[in-house]
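Asks: This is the structure, below, for whatever I ask next.
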Amino acid sequence: EKGGYDHFMLKEIHEQPNAISDTYRGRLLADKGIIKMGSVDNNITKFLNAKRIIIVACGTSWHAGLVGEYLIEEFARIPVEVEYASEFRYRNPIISKDDIVIAISQSGETADTLAAIKLAKANGAFVFGICNVVGSSIARETNSGAYTHAGPEIGVASTKAFTTQITVLSLIALKLGNLKGELSNSKFNNYLQELKLIPSKVTEVLKINTEIEKIAAIYKDAPNCLYLGRGFNFPVALEGALKLKEISYIHAEGYPAAEMKHGPIALIDASMPVIVIATKKGHYEKVVSNIQEIKSRKGKIIAIVTKGDTVVKEIADHVIEIPETEEAFTPLLTTIPLQLLSYYIAVMRGCNVDQPRNLAKSVTVE
Ligand code: M6R
């Protein structure tokens with residue numbers, strides 16, 4: 001049932017190229033220059049007239065929501081707010097009928113997300129779900145929605161659900177951007193062609209397995225770990241840290257790289273591993289100077305860079321290369337090495353990777 005892999009998590013990490021292709025199936029018609037999504041098409045006036053989109057979710061799905069904020073604001077120019085479902089539901093939020101609420105949930109059973117949806121509906125908002133489990137409570141409660149089609153995710157640590165949620169959000173953002181006239185047909189088409197290449201680029205990233213295992217062996221006993229990223233890769237830093245803490249029990253924090261100077265830099269010394277996402281285009285020079293700041297305080301740097309990078313290679317202790325893609329799609333690639341790193345560290349520490357202590361796959365009580 002684990003398909004020859006030691007754990008479901010590793011199997012699910014490796015399933016990502018196929019899972020993303022399954023998310024595209026019937027939707028991404030790159031050669032025709034079309035994104036077809038019945039649930040968006042059927043509600044297109046609502047989407048195009050939305051004054052605001054509020055994304056509600058928990059955990060990893062909330063991180064996908066943050067990537068969604070960057071995607072939707074960049075391409076469709078609709079203001080987006082991303083809320084923890086648990087905070088949203090209890091703070092008397094301002095919701096109107098011109099708002100679209102997007103609820104993201106792998107299981108479709110998360111209690112807080114379900115309650116947030118009910119509240120939004122009661123206040124007249126149109127609620128759109130992005131779920132993986134077909135027929136789940138959230139899928140049934142929402143007004144409309146799009147499934148991720150990632151297939152069953154058994155490991156408690158979410159992996160393929162995250163990348164397929166981002167895939168759905170990319171499709172929605174690009175589609176709305178094009179229809180709103182924010183994205184010209186030629187730019188739109190270029191993005192579609194690039195999206196089509198993502199599964200094979202994920203396959204390429206999965207091949208760097210052994211290098212990541214070596215890095216894991218060096219840092220497996222670290223008591224703490226920092227993850228930094230900017231822009232589209234800031235949520236990836238948060239997700240990398242969550243993945244490490246939940247399965248390896250190492251304390252980890254994710255930060256927007258520039259926030260380092262506002263506190264976390266005090267933690268850096270020779271025993272602190274810092275994982276930095278430093279891909280080309282994504283505020284690259286700024287990230288390079290953040291890396292220099294860490295290095296001058298003797299922090300150990302593990303950098304995720306674009307293939308062919310030379311600058312970061314000079315400064316970092318380790319580099320993990322990913323293929324080049326559009327900046328907006330980099331989270332789909334940069335996430336993969338962080339999943340693998342957490343996985344190998346957890347295995348080396350003897351942790352129960354698929355069922356970490358104190359955690360459940362779906363959190364059906366608040
Ligand atoms: O099923 P959901 O996507 O609603 O679950 C939300 C979180 O409970 C979930 O993402 C959790 O944070 C994962 N264990 C993270 O790997």
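The values are calculated or read from the model by the stated rules, or taken from the named source; none is laboratory data. Because the structure is predicted, anything quoted here is derived from the model rather than measured. Please note: Cβ atoms are built from the backbone with ideal geometry, for glycine as well, and neighbour counts cover all protein chains shown. Heavy atoms of the whole protein, side chains included, go into the accessibility calculation; ligands, DNA and RNA do not. Shrake-Rupley method; radii C 1.70, N 1.55, O 1.52, S 1.80 Å.
Each row is one residue, and each column tells you yes or no for (1) of a type in the set (D, E, K, R); (2) free of Cβ contacts under 8 Å to residues at least 24 places away in the same chain; (3) outside any helix (DSSP H, G or I); (4) in contact with a Pro (Cβ under 8 Å, 6 or more places away or on another chain).
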{"position": "Leu10", "(1), (2), (3), (4)": "no, no, no, no"}
{"position": "Ile20", "(1), (2), (3), (4)": "no, no, no, yes"}
{"position": "Val56", "(1), (2), (3), (4)": "no, no, yes, no"}
{"position": "Thr60", "(1), (2), (3), (4)": "no, no, no, no"}
{"position": "His63", "(1), (2), (3), (4)": "no, no, no, yes"}
{"position": "Glu69", "(1), (2), (3), (4)": "yes, yes, no, no"}
{"position": "Ile95", "(1), (2), (3), (4)": "no, no, yes, no"}
{"position": "Val101", "(1), (2), (3), (4)": "no, no, yes, no"}
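Asks: Then there's this: Across the range 201-224, what is the number of residues that are more than 22 Å from Pro273 (Cα to Cα) and over 18 Å from the mean Cα position of the chain (by Cα)?
Replies: The qualifying residues number 2.
Asks: Return the residues of the range 84-121 that are of a type outside the set (A, V, I, L, M) and under 19 Å from Thr164 (Cβ atoms); say none if nothing qualifies. First the steps, then the outcome.
Replies: Here is the first cut: in the range 84-121, the ones of a type outside the set (A, V, I, L, M) are 84, 86-93, 96-99, 105-110, 112-113, 118, 121.
Selection gives Ser105, Gln106, Ser107, Gly108, Glu109, Thr110, Thr113.
Asks: Could I ask something else about it? Looking at the range 83-103, which of the residues that are over 19 Å from Ser144 (Cα atoms) and open to solvent by less than 70 Å² (accessible area, probe 1.4 Å) is farthest from the chain's Cα centre (by Cα)?
Replies: The selected residue is Pro93.
Asks: All but one of (1) open to solvent by 60 Å² or more (accessible area, probe 1.4 Å); (2) away from the ligand (no atom under 16 Å from the Cβ); (3) touching a residue at least 40 places away in the same chain (Cβ under 8 Å) hold for Asn209, so report the exception by its number.
Replies: For Asn209, the exception is condition (1).
Asks: Further question on the same structure: Tell me which residues, restricted to the range 22-49, are without any contact (Cβ under 8 Å) to a residue 12 or more places away in the chain and assigned to a loop (DSSP other than H, G, I, E, B).
Replies: Answer for the range 22-49, where residues must be without any contact (Cβ under 8 Å) to a residue 12 or more places away in the chain and assigned to a loop (DSSP other than H, G, I, E, B): Gly26, Lys36.
Asks: A follow-up question, please. Mind listing whichever residues of the range 104-139 are open to solvent by less than 10 Å² (accessible area, probe 1.4 Å), in a helix (DSSP H, G or I) and within 15 Å of the ligand (Cβ to nearest atom)?
Replies: Scanning the range 104-139 gives Thr113, Ala116, Ile117, Ile138.
Asks: Of all residues in the range 148-190, count the ones that are away from the ligand (no atom under 13 Å from the Cβ) and not aliphatic (A, V, I, L, M).
Replies: 17
Asks: Continuing with this model, one more query. How many residues does the range 154-193 hold that are assigned to a helix (DSSP H, G or I) and surrounded by fewer than 17 Cβ atoms within 10 Å (Cβ to Cβ)?
Replies: Within the range 154-193, the subset assigned to a helix (DSSP H, G or I) is 160-179, 185-193.
From the residues that got through so far, the ones that are surrounded by fewer than 17 Cβ atoms within 10 Å (Cβ to Cβ) too are 185-187, 190, 193.
Adding up the residues that qualify gives 5.
Asks: Which of the strands (runs of 3 or more DSSP E) contained wholly in the range 224-298 include at least 1 residues that are open to solvent by 20 Å² or more (accessible area, probe 1.4 Å)?
Replies: On the way: elements: 224-229, 251-256, 273-278.
Ranges flagged: 224-229, 251-256.
Asks: Continuing with the same structure: For the range 65-92, which positions are farther than 17 Å from Leu114 by Cα and within 13 Å of the ligand (Cβ to nearest atom)?
Replies: Of the residues in the range 65-92, the ones farther than 17 Å from Leu114 by Cα are 66-81.
Answer for the range 65-92, where residues must be farther than 17 Å from Leu114 by Cα and within 13 Å of the ligand (Cβ to nearest atom): just Leu66.
Asks: Another one. Please determine whether any residue of the range 117-128 is within 18 Å of Leu66 (Cβ to Cβ), touching a helix residue (DSSP H, G or I) at 6+ places or on another chain (Cβ under 6 Å) and of a type outside the set (Phe, Trp, Tyr). Please lay out each step first, then the result.
Replies: The initial filter retains those residues of the range 117-128 that are within 18 Å of Leu66 (Cβ to Cβ), namely 128.
Within this subset, residues satisfying the condition of being touching a helix residue (DSSP H, G or I) at 6+ places or on another chain (Cβ under 6 Å) are none.
No.
Asks: Taking the range 342-366, which residues are among the charged types (D, E, K, R) and either more than 14 Å from the ligand (Cβ to nearest atom) or surrounded by 15 or more Cβ atoms within 10 Å (Cβ to Cβ) (or both)?
Replies: Our first condition is that a residue be among the charged types (D, E, K, R); within the range 342-366, this holds for 349, 354, 357, 361, 366.
Residues satisfying the conditions are Arg349, Asp354, Lys361.
Asks: From the list Ile20, Ile34, Ile13, which residue is out of contact with any Asp or Glu (no Cβ under 7 Å at 6 or more places or on another chain), open to solvent by 60 Å² or more (accessible area, probe 1.4 Å) and either within 19 Å of Thr164 (Cβ to Cβ) or hydrophobic (A, V, I, L, M, F, W, C) (or both)?
Replies: Values: Ile20 fails: open to solvent by 60 Å² or more (accessible area, probe 1.4 Å); Ile13 fails: open to solvent by 60 Å² or more (accessible area, probe 1.4 Å).
Going through Ile20, Ile34, Ile13 in turn, just one is out of contact with any Asp or Glu (no Cβ under 7 Å at 6 or more places or on another chain), open to solvent by 60 Å² or more (accessible area, probe 1.4 Å) and either within 19 Å of Thr164 (Cβ to Cβ) or hydrophobic (A, V, I, L, M, F, W, C) (or both): Ile34.
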